[in-house]
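Pasting a structure below so you can have a look.
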Amino acid sequence: EAGRKLFAGDVDFVKGVVAISGLPPADRIEVCFAGRSNVGKSSLINALTGRKSLARTSNTPGRTQEINYFDVGGQLFLVDLPGYGYAEAPVNIVKQWQALLKAYLSGRVTLRRAFVLIDMRHGIKAVDAEIMDLLNKSAVTFQVVLTKADKISKTEQERTLKQVRETLQKHPAAFPEILVTSSEKGDGVATLRALIATMQ
Ligand code: GTP
Ligand code: MG
């Protein structure tokens, strides 16, 4: 299918960006992966691309500290964002990341969709709601991707789904379909791949 075709080609790391001035030319569409530290952004990019260690992952929150650009077949960028809501990073670093994240999310013209990743065990937290508000204000379409589905039971999954559905009703920029994924087991990965392929 379309998803397989797009991702079958080369996927390459382009660059890590630490300031808005360092963003690559806005010459193709891109989708980004936002979410709290440790939610599984980098792992999902690896699962999508089928490259185990393309994006660096870690047990330690705060692994990704730059906006990392990956090129998919010369057609689209996947953008791995630094996590937010990481309480243990030094205050000045957190402020710097937040400013970069906000400038990026509200000002990138080629950003087609922001995937907001939510740990399925925890549901939407205040910091997630803040990011959703920012995306709404910036008129960036966003879509919730629930992660780590393998870690909880179907009953617990339903509970989170219910909370997310309710929250999304308050956000007009939200795409209504919620994706349930596991980078570990592969659930939902092909669906997301196909969805991204329709965006080019
Ligand atoms: P930061 O870069 O720090 O913001 O984190 P991140 O959101 O990129 O998370 P990362 O992909 O580094 O994953 C964090 C931890 O969660 C790692 O130990 C992963 O192996 C684990 N993890 C990610 N996705 C899944 C999943 O679907 N299932 C399980 N069981 N573990 C996962
Ligand atoms: Mg990361």
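Here, each number is a calculation from the coordinates, and none is a lab measurement. As the structure is a prediction and not an experimental result, all values here were calculated from the model. Ideal geometry is used to build each Cβ from the backbone, glycine not excepted, and the neighbour counts take in all protein chains shown.
Provide the percentage of antiparallel DSSP beta bridges, counting only those with both residues in the range 2-197; round to the nearest 5.
Beta bridges within the range 2-197, antiparallel portion: roughly 35 percent.
Would you please give the FRET efficiency between VAL18 and LYS137, computed as 1/(1 + (r/R0)^6) with r the Cβ-Cβ distance and R0 = 22 Å, to the nearest 0.05?
Numbers: r = 24 Å, r/R0 = 1.11.
With a Förster radius of 22 Å, E is 0.35.
I would also like to ask the following. For labels at GLU130 and ILE152 in the simple 7 Å Cα→Cβ model, what's the distance in nm?
Label-label distance for GLU130 and ILE152, simple model: 2.2 nm.
Taking 0.36 nm per intervening residue step and subtracting the Cα-Cα distance, what contour gain separates GLU66 from GLN163 on full extension?
On the way: separation 97, 0.36 × 97 = 34.92 nm, distance 3.05 nm.
My answer for the length gained is 31.9 nm.
Could you sort 183-194, 89-100 so that the peptide with the highest average Cβ count within 10 Å comes first and the rest follow in order?
On the way: 183-194: 16.6, 89-100: 13.9.
Taking the mean over residues of other Cβ atoms within 10 Å, the ranking is 183-194, 89-100.
Taking the mean number of other Cβ atoms within 10 Å as a proxy for protection, how do you rank 66-76, 41-51 from highest to lowest? Walk me through the numbers before you get to the answer.
Values: 66-76: 18.6, 41-51: 21.8.
Per-residue Cβ counts within 10 Å, averaged per peptide and sorted highest first, yield 41-51, 66-76.
Also: Find the relative contact order for the chain and round it to a whole percent, using C-alpha pairs within less than 8 Å whose residues are 6+ positions apart. Working shown, then result.
Numbers: 379 pairs, mean separation 50.3, N = 200.
Normalised by residue count, the contact order of the chain is 25 percent.
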